[in-house]
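Okay, structure first, notes after.
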Amino acid sequence: MLLVATDQACVQHDTGPGHPERARRLQAALDGVTAAALKDAVVALEMRSATLEELARVHPPEYLDALQRFCAAGGGAVDPDTAVSEGSWRAATHAAGAGLAAIEALRRGEGEAAFLAVRPPGHHALAARPMGFCLLNNVAVAAANLAAEGERVLVLDWDAHHGNGTEAIFWDDPRVLYVSTHQHGRGVYPGTGALDDVGGEGARGTTLNLPFPAMTTGDTYLRALDEVVAPAVEAFAPTWVLVSAGYDAHRADPLTHMGLSAGDFADIARRVAAFAPQPGRLVLFLEGGYDLDALTESVGASLAAILEQSYRPEPATSGGPGGSVIDAARRLRDEFG
Ligand SMILES: [Zn+2]
C-alpha cells in the first residue's frame with residue numbers, strides 16, 4: 001500500500017494572487033492518484049505538526065520564533081519570491097511534520113512507501129532563512145531526525161531546481177547523501193549545484209550534483225541514475241530514501257525549461273524506489289511543479305511506477321542534451337574511488 005498525506009492546514013498558506021506556488025497544486029497532485037486508478041492501493045495518512053524540538057534539528061529556535069511571530073502578525077513578503085499569510089506557520093509545521101508522521105507509519109509496517117502532498121515546499125529553505133517559496137526544509141527535517149537516530153539517509157532531489165537549502169544543511173554531514181538533478185545555466189534559479197560541489201571536509205562525496213542544461217530528456221536522467229547515482233547509492237548503503245519530488249522538470253512547466261514527460265517520471269521513480277533497502281523505507285515529498293495538468297499526470301505516473309503498476313499518459317522522451325554532464329560526473333566520482 002501507498003500512504004498518501006495531505007491536510008487542510010497546507011491549503012491555508014496563502015501566497016497571494018497570481019503566485020505559481022498556489023493551493024490548487026495540492027488537489028492537482030492528488031488527482032494523479034485518481035487518474036492513475038490507484039485508489040485501491042492508497043491509504044490516507046494523518047499528518048501532524050512537527051514539534052519545535054524536531055524542527056530544531058535543522059532550524060535555530062530564533063528563526064522558528066521569528067517566522068511564527070511574522071505569520072501570526074498577518075504575514076507579508078519574506079523573500080523576493082516568497083510571501084506568507086497568517087496560516088503559513090501552521091501549514092509549514094504540518095508540511096515538515098508530514099515526513100515524521102510518514103516515517104512513524106512506515107516503521108509500523110502500514111505501507112511500502114509514502115507520498116506527501118504538502119506545501120509550502122521545502123528544499124530551498126536554509127537553516128535560518130526562507131527562500132524560493134520555502135519556509136521550513138521539510139525533507140531536511142525528516143532526514144535530520146532519522147540521522148539523529150543512527151539512520152543513513154539518501155535524499156534524492158529530482159525537482160528541476162537545485163535544492164540549495166538541503167545541500168547546505170547537510171554539506172558537512174556524512175550521514176546524509178544528497179543527490180540532485182537540476183537545470184543549470186545562466187540565470188537559472190537558485191544558481192547553486194555545480195558538479196564539483198561534492199560536500200565539505202569529512203563529508204566529501206556525500207553531495208552529488210547533476211547540473212543539466214535546458215531541454216534535457218528522460219534518457220539522460222535514466223543514464224545518470226544508472227551510471228552515476230546507483231554506484232554512489234550502493235557505496236553509501238542508505239537505510240532510508242527520501243525524495244524531494246518536484247515535477248517542474250516536466251516540459252510543460254512554466255518556470256523551467258527541462259524536457260521531461262509524465263512517462264519519464266514513471267521511469268525515474270521506478271529506479272529511485274529501487275534504491276530503498278527494503279519496502280517501507282521510501283518517502284516522497286512534493287516540492288515544485290507549476291503546470292497543474294502536468295503535475296496530475298506526472299504524480300500519477302510516478303506513484304503508479306512505485307506500486308509496480310503502469311500509468312503512462314505520455315511516452316518517455318529522448319534525444320536531448322546533457323550526456324557530457326554524466327561523463328564528467330563519472331570522472332569526478334572515480335576520484336573518490
Ligand atoms: Zn523547483
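The values are calculated or read from the model by the stated rules, or taken from the named source; none is laboratory data. All values reported here derive from a predicted model rather than from experimental measurement. Here the Cβ positions follow ideal geometry from the backbone for every residue, glycine too, while neighbour counts run over all protein chains shown. Keep in mind that these areas ignore ligands, DNA and RNA; they rest on the heavy atoms of the full protein, side chains included. Shrake-Rupley method; radii C 1.70, N 1.55, O 1.52, S 1.80 Å.
In table form, for the structure just shown:
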| item | result |
| --- | --- |
| Neighbour cut-off at most 15 other Cβ (10 Å), DSSP loop, trypsin sites (Lys or Arg not before Pro), the range 149-220 | 186, 204 |
| The range 16-130: C-alpha gyration tensor shape, a/c 1.5 cut-off, then a/b vs b/c | oblate |
| Mean Kyte hydropathy of -0.5 or more with a Cα span along the axis of at least 18 Å, helices from DSSP in the chain | 88-107, 292-306 |
| Cα pair distances in the chain, grouped into 10 Å bins until the bin that holds the longest one, percent each | 6, 29, 38, 23, 4, 0 |
| Ratio of Rg to Rh over the range 198-337 (Cα coordinates, Kirkwood Rh, two decimals) | 0.96 |
| The range 157-278 shape via C-alpha gyration tensor axes, a/c threshold 1.5 | oblate |
| For the chain: accessible area per residue (Å², 1.4 Å) | 37 Å² |
| Whole-angstrom gap from the range 23-86 to the range 91-144, using each part's C-alpha centre | 8 Å |
| Portion, in percent, of the accessible area of the chain that falls on carbon or sulfur, probe 1.4 Å | 50 percent |
| Global geometry of the range 176-220, whether rounded, prolate or oblate, following the gyration tensor of its Cα atoms and the 1.5 cut on a/c | oblate |
| Among beta bridges that DSSP assigns inside the chain, antiparallel share in %, nearest 5 | 15 percent |
| GNM top mover of 148, 245, 232 - the chain, alpha-carbon springs below 10 Å | 148 |
